[in-house]
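Read the structure below first, then the notes.
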Amino acid sequence: MASSTHFSLLIFSLLISTSLAQPSFRPKGLLYPAIKDPTTLQYYTNFYLGTPRTYLDLTIDLGGTFLWTDCDQFNSSTYRPARCGSAQCSLARSNGCGTCNGPSRPGCSSNVCGLFPDNTVTHTATSGDLGSDYVEVRSQDGKNPGPMVSVSNFLFTCGSTFLLDGLAPDVRGMAGLGRTRISLPSQFSASFSFPRKFSLCLSSSTNSYGLIFFGATPSKFLPNIDVSSSLIYTPLILNPVSTATAYSQGDASSDYFIGVKAIKVGEKSVNINSTLLTINRDGYGGTKISTVDPYTVLETSIYKAVVDTFVQELSGVPRVASVAPFSACFSSKNISSTRVGPGVPAIDLVLQSPSVYWRIFGGNSMVWVNDNVLCLGFVDGGVNPRTSIVIGGHQIEENLLEFDLARSRLGFSSSLSFRRTTCSNFNMTVID
């Protein structure tokens, strides 16, 4: 990841001003880079926290409950622990109160409330102190980046070094964008009084970066292409049972679920058990979107049905030996190239009505495993998984996704390649 980090520093940090906006300035939104790590296929962002300003790489966790970082390697003169019984603890829904016998520092304080930082890649969690500190972030107005702004009391949780196992090299924690009161979207909208929504646009390239937009949705991508006005919307569904590794009784899931009703491959309906597509009273089933799963994960019976139908629809193309973790692989010599990727049957996730569907073209359904082999980029999630369909990172790359929390809906663009643009084509000319 070192080369990608160096790239992001050279490009994105050129936008970092030495001075902050005037106190009277109220941004319409905020902007963070989203960078793809070539080894883990995880996405990470750059975060500036504390005094002196500490540069952190944090894995982007779409359904994560809050920001956590390894406080064993963090120190700041402006860090403040959240004292037991405080309004901060109440906002974070923390009921625990802990002490620490060592020297006082971030992550080791007495009379402080705690939460459970969760590595959602390895499904490992531990206890950690809740605290707040100073954050600097680039503003944006939907068209261009603007001045730097700050949040003086941003809440986050201290994790431990062992929680970093399984994350991309040099990453220092995870940035949670989930449906909680102290996730990044909630805190930023409360701090600046802009709408409770954010947009995610992940680049498929490790040589350019995508972006996370808080507040104002990006209205134009180069070359002067309006993407946001043509978004298709579907309701966000709340899973009443937490899907986190560690949680308290009664906690709802912070993940973003949508109501997939059926799946089609090349306009042909896939025969699947529809009960798996709904969330039962124990929180099992349904469909969620994930940035920590590199590929879409399907419950075994759904996976077999989708793969079988896809193979039938692509029967004229020779199959080759499977390449883990994929089972359906093909000779690329017999597959044409199109504007939206390899010329294979589109996969439709049918939503609230037959006329509303998320179309996955070849650029998002297929994975190049070498110069001669293309594989269907879906993996088998086993029998009775917690969630029946997990839409993974590869399937949402080069798609603009708008998570409107106030209206509880998801807006999606399908492949930006169809519009002759990409997620790395936002106009990065700074307007101070």
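Restricting to region 222-269, and then to whatever is in contact with a helix residue (DSSP H, G or I) (Cβ under 7 Å, 6 or more places away or on another chain) and among the hydrophobic types (A, V, I, L, M, F, W, C), can you tell me which residue is nearest to Ile391 (Cα to Cα)? Give the derivation first.
Narrowing region 222-269 to residues in contact with a helix residue (DSSP H, G or I) (Cβ under 7 Å, 6 or more places away or on another chain): 225, 227, 260-261, 263, 265-266, 268.
Pick out the ones that are also among the hydrophobic types (A, V, I, L, M, F, W, C) and you get 225, 227, 260, 263, 265.
Numbers: Ile225: 26, Val227: 21, Val260: 11, Ile263: 13, Val265: 16 Å.
Restricting to residues being in contact with a helix residue (DSSP H, G or I) (Cβ under 7 Å, 6 or more places away or on another chain) and among the hydrophobic types (A, V, I, L, M, F, W, C), the top hit is Val260.
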Self-check item: Tabulated pairs, region 376-389, first within 8 Å of Gly285 (Cα to Cα) and surrounded by 24 or more Cβ atoms within 10 Å (Cβ to Cβ), second modelled with pLDDT of 95 or more and among the polar types (S, T, N, Q), C-beta under 6 angstrom, 6+ apart or interchain
Solution: Ile389/Thr287
Exercise. Kindly list, by first and then second residue, each pair from a residue in region 327-347 that is over 23 Å from Val297 (Cβ atoms) to a residue that is among the basic types (Lys, Arg), limited to pairs with Cβ atoms under 8 Å and residues at least 6 apart or on different chains.
Key: Ser331/Arg319; Arg339/Arg420
Quiz item: Can you find even one residue in region 248-262 that is aromatic (Phe, Trp, Tyr) and more than 30 Å from Asn153 (Cβ to Cβ)?
Solution: yes
Quiz item: Hey, among the residues in region 115-140 that are within 22 Å of the chain's Cα centre (by Cα) and over 20 Å from Gln187 (Cβ atoms), which one's most open to solvent (accessible area, probe 1.4 Å)?
Solution: His123
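Sort through Thr69, Thr45, Thr65 and tell me the only one that's part of a strand (DSSP E or B), at pLDDT 95 or above, in contact with a Lys or Arg (Cβ under 9 Å, 6 or more places away or on another chain) and not charged (D, E, K, R).
Values: Thr45 fails: in contact with a Lys or Arg (Cβ under 9 Å, 6 or more places away or on another chain); Thr65 fails: part of a strand (DSSP E or B).
Every option except Thr69 fails the conditions.
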Exercise. List every residue pair whose Cβ atoms sit under 7 Å apart, with the two residues 6 or more apart in sequence or on different chains, where the first one lies in region 230-256 and is without any contact (Cβ under 8 Å) to a residue 60 or more places away in the chain and the second, anywhere, is hydroxyl-bearing (Ser, Thr, Tyr) and surrounded by 19 or more Cβ atoms within 10 Å (Cβ to Cβ).
Key: Asn239/Ser253; Val241/Ser253; Ser242/Ser253
Quiz item: So which residues in region 251-284 are closer than 22 Å to Leu401 by Cα, open to solvent by less than 30 Å² (accessible area, probe 1.4 Å) and not hydrophobic (A, V, I, L, M, F, W, C)?
Solution: Ser253, Ser254, Asp255, Tyr256, Gly259
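In the list Phe221, Phe213, which residue meets the criterion of being open to solvent by less than 50 Å² (accessible area, probe 1.4 Å) and more than 20 Å from Arg196 (Cα to Cα)?
Phe221
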Exercise. Being more than 25 Å from Ser230 (Cα to Cα) and of a type in the set (Phe, Trp, Tyr) is the filter; apply it to region 322-372 and report the residue that is most open to solvent (accessible area, probe 1.4 Å).
Key: Trp368
Practice problem: Please determine, by comparing only the residues of region 377-432 that are within 23 Å of Pro27 (Cβ to Cβ) and of a type in the set (Ser, Thr, Tyr), which one is farthest from the chain's Cα centre (by Cα). | Solution: Thr429
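The values are calculated or read from the model by the stated rules, or taken from the named source; none is laboratory data. Fair warning: this is a prediction, and the values are worked out from it, not measured in the lab. No Cβ is skipped: glycine too gets one built from the backbone with ideal geometry, and neighbour counts run over all protein chains shown. Side chains included, ligands, DNA and RNA excluded: accessible areas come from the protein's heavy atoms. Shrake-Rupley method; radii C 1.70, N 1.55, O 1.52, S 1.80 Å.
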